[in-house]
Amino acid sequence: ALPISSKKGKDSKHPMFKRLIHTAIDVSTIQEKVNESKYKNYEEFKADAKLLLHNTVIFYGADSEQADVAKMLYTDTCHELDELHLCKTCFYLSNARPENWFCYPCAPTHELVWAKMKGFGYWPAKVMKKDDNQVDVRFFGHHHQRAWIPSENIQEITVNVHQLHVKRSMGWKKACDEMELHQRFLREGRFWTPKMEEKGLEEAESGISSTSNEQLKASQELRAKKGRRNQSVEPKTEEPEPETEAVSSSQEVPTQPPPVEKVSISTQIGRAH
């Protein structure tokens with residue numbers, strides 16, 4: 001974090017601080033305002049990031065290491081805000097990354113296309129935005145890469161895969177499978193909501209609570225047995241209870257996903273052969 005302009009930091013004790021810095025701010029102050037939901041819009045947040053950069057340049061100098069860090073921070077801030085403006089759902093899911101995060105539809109939904117980068121074949125992708133004759137896409141597949149593609153290298157997703165003359169590599173097939181899952185989520189209206197995370201947390205807490213209750217019950221039964229042994233006139237030797245093997249929740253058999261629909265890209269490929 002940048003130390004510049006903190007009211008409680010070392011910089012504020014510098015004799016020139018009050019003469020150079022009109023409005024003090026630092027990264028921790030911005031973080032506190034975010035946590036307390038004090039920003040009413042993106043522009044207010046961006047203004048504080050710009051103020052931090054301004055103060056750093058004024059106090060340390062434009063060619064200082066601190067100024068370089070502040071410039072990078074401001075550039076990153078502007079980029080992240082642009083991504084938020086572009087699609088809030090994409091921004092959240094690309095950072096949170098739940099299972100199958102790229103398959104969940106956004107609202108509004110992204111157009112699906114076949115996009116061709118120079119030196120590569122056509123690949124399934126989502127359209128993020130369009131600018132003149134360029135299309136910003138994010139590809140299905142392992143890395144979910146972003147790229148600006150010329151409009152002439154974009155084909156509608158309804159174009160038959162056999163007309164694209166693509167090299168059907170393992171990565172391409174996995175990308176098509178991921179696109180098909182996305183299309184199924186679209187048909188089923190399965191959108192990502194924060195409640196999904198809450199449900200997962202509740203299930204985890206429920207499992208912990210259940211385990212704790214079982215342990216408490218076993219402990220109470222053990223104390224009851226000891227009490228009965230103490231009350232009996234003739235002590236009896238009891239055989240120890242057999243130990244039960246603990247089973248971790250991670251050992252549960254995962255639920256099988258719904259069957260893939262009959263008509264798919266992979267099916268077209270299979271029928272072609």
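The values are calculated or read from the model by the stated rules, or taken from the named source; none is laboratory data. The structure presented is a predicted model; accordingly, all values stated were derived computationally and were not measured. So basically every Cβ, Gly included, is an ideal-geometry build from the backbone, and we count neighbours across all protein chains shown. Note: areas computed on protein heavy atoms with side chains; ligands, DNA, RNA excluded. Shrake-Rupley method; radii C 1.70, N 1.55, O 1.52, S 1.80 Å.
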- Go through (1) of a type outside the set (A, V, I, L, M); (2) under 19 Å from the mean Cα position of the chain (by Cα); (3) surrounded by 12 or more Cβ atoms within 10 Å (Cβ to Cβ); (4) closer than 30 Å to Asp48 by Cα and name the single condition Asp76 misses. (3)
- Filter result (open to solvent by less than 30 Å² (accessible area, probe 1.4 Å) and closer than 22 Å to Leu84 by Cβ) within region 126-147: Lys126, Val127, Met128, Val135, Asp136, Val137, Phe139, His144, Ala147
- Task: Identify the residue in region 112-125 that is in contact (Cβ under 8 Å) with a residue 40 or more places away in the chain and within 14 Å of His182 (Cα to Cα) and, among all such residues, is most open to solvent (accessible area, probe 1.4 Å).
- Result: Leu112
- Query: Taking region 32-55, which residues are over 24 Å from the mean Cα position of the chain (by Cα) and modelled with pLDDT of 90 or more?
  - Reply: Glu44, Ala47, Asp48, Lys50, Leu51, Leu52, Leu53, His54
- Name the pairs whose Cβ atoms lie under 7 Å apart, with the first residue in region 24-49 and closer than 15 Å to Ala70 by Cα and acidic (Asp, Glu), the second part of a loop (DSSP other than H, G, I, E, B) and open to solvent by less than 60 Å² (accessible area, probe 1.4 Å), and 6 or more positions between them or separate chains? Asp26/Leu2; Asp26/Ile4; Asp26/Ser5; Asp26/Ser6; Asp26/Gly9; Asp48/Ile25
